[in-house]
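First comes the structure, then the notes that go with it.
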Amino acid sequence: VKRGETVAIIGESGGGKSMLLRHIMGLIKPDSGHIFINSTDITTLNDRKLDELRLQMGMLFQEAALFDSMDVFENVAFPLREHRTGSEDEIRLRVVEFLVKVGLEEAAHLYPEQLSGGMKKRVGLARALVMQPKIMLYDEPTSGLDLVMRDEINALINALNEAFNVAALIVTHDIESALAVGDKIALLEDGIIQAHGLAAEVAQYDHPMAKKIEEWLLIEQKRGH
């Protein structure tokens, strides 16, 4: 995945999508093979070097993974304080900046239990981006959202990925979301990438999800998109 590029990995539940992200984050070490990030094989790194590399990554978890005991502001500020990034005044300005970017500046004092599913995703996105990573990983970013909120989150992901020029990898079972955000599509099945490329290229592969892509492209073509 190149800088400035978004690749959406699609596949059925249990096909290995989330497991792939855990390997990329270094949370799990593979039994064999290699994982290269910026030409570095991360499977060879010790814990300290791996932690340094993780500072270049942002992660939006499937359920946002917010800290229940912290309000929105404190959740977004957490990585900045954890890594001692600037003074408290600088941290406050950075947090406000990113809450504005996700449209939640008025919700800074709220706690996760007071947020809708879409708001939680936005907070998670702000927290993932506040360290200004070069790489963004998204685990089912639109799961559990209604169609309107799904489209809003997809649009926000596109805007922020472009603004920060990140290399983005999104795993999802939602075909329409994959096509809305992905410059390229990868079809994962049983832990293996079966097809990879532009949507029209992946649509030619003999697989039910590829057929869904083909159907969606035909619908969009009839709409004149």
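Readers should treat all values here as calculations from the given coordinates under stated rules, not as data from a laboratory. On a predicted model such as this, the values are computed, not experimentally measured, just so you know. Here the Cβ positions follow ideal geometry from the backbone for every residue, glycine too, while neighbour counts run over all protein chains shown.
Over 18 Å between C-alpha atoms is what I'm after, so list which of Lys101/Lys184; Lys29/Lys49; Lys184/Lys222; Lys184/Lys211; Lys49/Lys121; Lys29/Lys121 land there.
Lys101/Lys184; Lys184/Lys222; Lys49/Lys121; Lys29/Lys121
Name the shape class, rounded, prolate or oblate, that the alpha-carbon gyration tensor gives for the stretch 68-112, where a ≥ b ≥ c are the square roots of its eigenvalues, rounded holds for a/c under 1.5, and otherwise prolate holds if a/b is larger than b/c and oblate otherwise.
oblate
Name the shape class, rounded, prolate or oblate, that the alpha-carbon gyration tensor gives for the stretch 47-155, where a ≥ b ≥ c are the square roots of its eigenvalues, rounded holds for a/c under 1.5, and otherwise prolate holds if a/b is larger than b/c and oblate otherwise.
oblate
Helix-only mean residue ellipticity at 222 nm, the chain, DSSP H runs n ≥ 4 weighted -39,500 (n - 2.57), per residue, nearest 500. What is it?
After summing the helix terms and dividing by the residues of the chain, the value is -13500 deg cm²/dmol.
Stretch Glu189-Glu63 to full length: gain in nm at 0.36 nm per residue minus the Cα-Cα span?
Full extension of this stretch gives 43.1 nm more.
Using DSSP to define loop residues, name the chymotrypsin sites (Phe, Trp or Tyr not before Pro) in the stretch 23-128 whose beta-carbon has at most 13 other beta-carbon atoms within 10 Å.
Phe67
Quick one: angle between helix 208-223 and the longest Cα principal axis of the chain, in degrees between 0 and 90, rounded to 10, please.
Relative to the chain, helix 208-223 is tipped by roughly 90 degrees.
In degrees from 0 to 90, rounded to the nearest 10, what is the angle of the helix 117-129 Cα long axis to the longest principal axis of the chain?
Here the helix axis deviates by roughly 70 degrees.
Share of antiparallel DSSP beta bridges in the chain, in percent to the nearest 5?
In the chain, DSSP labels about 30 percent of beta bridges as antiparallel.
Tell me, what is the percent relative contact order of the chain, built from C-alpha pairs under 8 Å that lie six or more residues apart?
Relative contact order, the chain: 31 percent.
Once Lys and Arg get +1 and Asp and Glu get -1 on their Cβ, which of Thr43, Val95, His109 lies farthest toward the positive end of the dipole of the chain?
Checked the options; the winner is Thr43.
Calculate how steeply helix 147-164 sits against the longest principal axis of the alpha-carbon atoms of the chain, using the helix alpha-carbon long axis, and give the answer as 0 to 90 degrees to the nearest 10.
Result, in degrees: 70.
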